[in-house]
1. Antiparallel DSSP bridges in the chain: what percent, to the nearest 5?
2. From the square roots a ≥ b ≥ c of the eigenvalues of the alpha-carbon gyration tensor of the chain, which class results: rounded (a/c under 1.5), prolate (a/b over b/c), or oblate?
3. Mean-square fluctuation check for the chain, GNM, Cα pairs under 10 Å: which of PRO306, PRO269, PRO151 is largest?
4. Roughly speaking, to the nearest percent, how much of the chain's 1.4 Å accessible area is carbon and sulfur?
5. Please compute the modelled spin-label separation between ASP95 and GLU289, points set 7 Å along Cα→Cβ, answer in nm with one decimal.
6. Going by a ≥ b ≥ c, the root eigenvalues of the Cα gyration tensor, does region 134-198 fall in the rounded group (a/c under 1.5), the prolate group (a/b larger than b/c) or the oblate group?
7. Figure the gain on full extension for THR320 and LYS47 (residue separation times 0.36 nm, minus the Cα-Cα span) and round it to one decimal in nm.
8. Would you check the accessible area of CYS405, probe 1.4 Å, heavy atoms only, in square angstrom rounded to 10?
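The values are calculated or read from the model by the stated rules, or taken from the named source; none is laboratory data. Values in this document were obtained by computation on a predicted structure and should not be read as measured data. Quick reminder, even Gly has a Cβ in these numbers, built from the backbone with ideal geometry, and neighbours come from all protein chains shown. Protein only, heavy atoms only, side chains kept; ligands, DNA and RNA dropped before computing areas. Shrake-Rupley method; radii C 1.70, N 1.55, O 1.52, S 1.80 Å.
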Amino acid sequence: MGKDQYDKVESDIMTHGHNPYEIVKGLLKESVETLGFHENIYHLLKKPMRVFEVSIPVRMDDGRIENFTGYRSQHMDILGPTKGGIRFHPDVNLDEVKALSIWMSLKSAIIDLPLGGGKGGVIVDPDQLSENELESLSRNYIKKITPIIGPQKDIPAPDVNTNPKVMGWMIDEFDQLRGYNIPGMLTGKPVVLGGSLGRLQATGRGVVFTIREACKVLGIEMTEATAAIQGFGNVGSMTAKFLHELGVKIVAVTDAKGGVYKEGGLDIPDLLAFTNNGENYASSYEKAEPITNEKMFSLPVDILIPAAIENQVTEETAPTIQAKILAEAANGPTTPAGDKILEEKGIFVIPDILCNAGGVTVSYFEWVQNNMNYYWKVDEINKQLEEKMLTGFEKVIQMKEEKGCRMRDAAYMVGISHLVKAMDARGWIGEKDRTS
């Protein structure tokens, strides 16, 4: 790629604003250059190897048929079958799914998992569906992507607005189509169907492992630290639970409907009990003051945790952030403009492709258990998760120190370097491709 073409990538990022696919391509390009690899490596990484778009007709409860659009992106299977979640959200789009699949490849590479990156999504607001309609959508989606998935090809999992119940419907549909049980075809399913103990808590637990290590780097005592969390779904709530257990004072949480704040610290066990049945939003919790998302970002806390969706830390919100650590529990929560401001402010960023890799790690453990038909105790799973997350964190810190760069750049370079080793071993690249 010549300089003019590289400049076009940068221009595209500016033109497309917060387009996650343009953002990830720009970060890949920068990391390939910094590592001294040939531009051919960037070309191998920048596009998913396969993208699938499907139409999903669903008969609604009133008798009409509505046709939804779904996607599945498979980035790279050089290390093993692709792996990644399925999200149901009205803002799902093709570029988002492609970007998420690339991030999954990098996560697996950083944590040293024998998996590639995949991601899926359906354009839908699940809150507008009845349970029967949601089940029909889930089954029909998996039916449409069945030709390209399976335990040795591509392994789906839960993501935004999907959960073990949805995974149960999906695996049942897949098994009925195949005519026999295939528990390893997806992960994050109910334990009774071969799901792993600890999977539901895994992403939040992994986030907290990385926060703990970042606190050590910065000399922050966790029992004296404060935190605020954007998003109180599975990841945000589990992060809150485990931080609270380590003595961190959580002063604010927000969700899609608003937020709550308490200067002396929220009663996290009580808040979790309040939201546990899925009917109550954290923002309707009456034992704390209301707070807006914008105000929450500006609180003088030690740890800020975006655990919602993409593009939340922007040129508008980043200047107000006072936290010492930004832990990206969500995928792609920070835009390039927001990232630049965080760097200028000296905020320690735990990038998403490291911070939230606990989910795919325990999904990998689930897949391994399915293949063995032998299941581990939760203590063993959590021990192995901690080991994987700490090893990944150490590799990124070492790269950061070696290159004198940001944590995000270091994480990308660790992931890319691992993928390049696999490319070399398979004969995809030659000596000239490893040097610029």
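1. Approximately 45 percent, going by the DSSP bridge assignments.
2. rounded
3. Between PRO306, PRO269, PRO151, it is PRO269 that shows the largest mean-square fluctuation.
4. With neighbouring chains kept in place, the figure for the chain is 48 percent.
5. 3.9 nm
6. Since a/c stays below 1.5, the shape of region 134-198 is classed as rounded.
7. 94.8 nm
8. We get 30 Å² for CYS405.
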